[in-house]
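Worksheet: one structure, shown below.
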Amino acid sequence: QVQLVESGGGLVQPGGSLRLSCAASPIVADISLMAWYRQGPGKNRELVAKIQSDGATNYGDSVTGRFTISRDNAKNTAYLQMNNLQPEDTTVYYCFVRTLVRDYWGQGTQVTVSS
């Protein structure tokens, strides 16, 4: 059973930055995809960014150019660098991991952008 530990959320002013981390434990060798999603109240969960095991990335339209996803395969950890945050980025961010056996979701971390 893999658990995802998320960290890095919090309160930031508009234009500021945050870096989210998602660590999968225990370390497993068959993670194919790591991603971040977000979901606001009454809204569908939307893709923020995803990264394949070979490093290929995709981003949601609303974050392209502002957010960067990366991963450390040795540590089974994904990172989401969020720059130029805006109030509309305020919501809960969820880590997602796909292995050969099943998918996993993190518990979510709150990001609040407000002055």
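Structural descriptor for the chain: relative contact order 36 percent, calculated from alpha carbon pairs under 8 angstrom and at least 6 residues apart. Per-residue surface analysis assigns Leu100 an accessible area of about 150 Å², computed on protein heavy atoms at 1.4 Å probe radius. For the pair Ser114 and Asp30, label points projected 7 Å from Cα toward Cβ lie 4.4 nm apart.
Accessible surface for the stretch 15-115, divided over its residues, is 51 Å² per residue with a 1.4 Å probe. What you get for the stretch 60-115, charging only the Cβ of Lys and Arg (+1) and of Asp and Glu (-1), is a dipole of about 260 debye around the Cα centre. May I ask you to give the percent of accessible area on the chain that is carbon plus sulfur, with a probe radius of 1.4 Å? Carbon with sulfur: 46 percent of the solvent-accessible area.
Heavy-atom accessible area, probed at 1.4 angstrom with all protein chains present, ranks Val48, Val12 as Val12, Val48, highest first.
Here the simple spin-label model places points 7 Å from the Cα toward Cβ, and for Lys43 and Thr68 these points are separated by 2.4 nm.
Here the chain is treated with +1 on each Lys and Arg Cβ and -1 on each Asp and Glu Cβ, and its dipole about the Cα centre works out to around 80 debye.
Above 20 Å lies some portion of the pair distances; for the chain, what is it as a whole percent of all C-alpha pairs? In whole percent, the share of Cα-Cα pairs in the chain beyond 20 Å is 35.
Note on Gln86/Ser53: beta-carbon distance plugged into 1/(1 + (r/R0)^6) with R0 of 22 Å gives a FRET efficiency of 0.10.
Ranking Trp105, Trp36 from most to least accessible surface, computed with a 1.4 Å probe over the protein chains only, gives Trp105, Trp36. Think of the stretch 64-115 as having a plus end and a minus end, set by charges on the Cβ of Lys, Arg, Asp and Glu; of Val111, Thr90, Ser70, Ser70 sits farthest toward the positive end of this dipole.
The values are calculated or read from the model by the stated rules, or taken from the named source; none is laboratory data. As the structure is a prediction and not an experimental result, all values here were calculated from the model. As a convention, Cβ positions derive from the backbone with ideal geometry for all residues, glycine included, and neighbour counts pool all protein chains shown. Areas reflect the complete protein model, heavy atoms only, side chains present, ligands, DNA and RNA absent. Shrake-Rupley method; radii C 1.70, N 1.55, O 1.52, S 1.80 Å.
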